[in-house]
Amino acid sequence: MCRELLIALVLLGISEGAHSVESGELTMTIVSAEQKTHDRVVAWVNDTPIYQPDVYFHVAVRSGENVFEGEYEPVSQWETLPVFWKPGVEVQGRIRGHSLFLKRPNGVEIRFVILKRTAAAAKKKH
């Protein structure tokens, strides 16, 4: 019984260490941040679709050796991305499951749905 408990604690410690990279608040570097649109069919007139553009925000950030790409659909049409979110700028954020949380300048977090996780490209040495 004691051996099983010890093994369980060791495995829990190993798995906790493996996930600790993504669990706390991290400093992330913006790779890209832009406003885009999806076209959505809202009506059909004489077999012709009528589209409405739906705005969303697409962001890519680098954290350690990974690049995370995510999307966010704003709550209102007046919501915008922070102006200073340009490539190379560092922001505070955290990752939990399939969500990427980035902090705005006022401290409020924006929840992006992670679409893709890739390894950061290694810098070439000349």
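Of all residues in the stretch 56-83, which are aliphatic (A, V, I, L, M) and surrounded by 14 or more Cβ atoms within 10 Å (Cβ to Cβ)?
Residues of the stretch 56-83 aliphatic (A, V, I, L, M): 59-61, 67, 75, 81, 83.
Answer for the stretch 56-83, where residues must be aliphatic (A, V, I, L, M) and surrounded by 14 or more Cβ atoms within 10 Å (Cβ to Cβ): V59, A60, V61, V67, L81.
Taking into account only those residues within the stretch 84-111 that are hydrophobic (A, V, I, L, M, F, W, C) and over 15 Å from T29 (Cα atoms), which is modelled with the highest pLDDT?
Quick first cut of the stretch 84-111, residues hydrophobic (A, V, I, L, M, F, W, C) only: 84-85, 89, 91, 95, 100-102, 108, 110.
Now narrow it down to the ones that are over 15 Å from T29 (Cα atoms): 108, 110.
Values: V108: 87, I110: 91.
My answer is I110.
The values are calculated or read from the model by the stated rules, or taken from the named source; none is laboratory data. All values derive from a computational prediction rather than experimental measurement. Neighbour counts run over all protein chains shown; Cβ positions are idealised from the backbone, glycine included.
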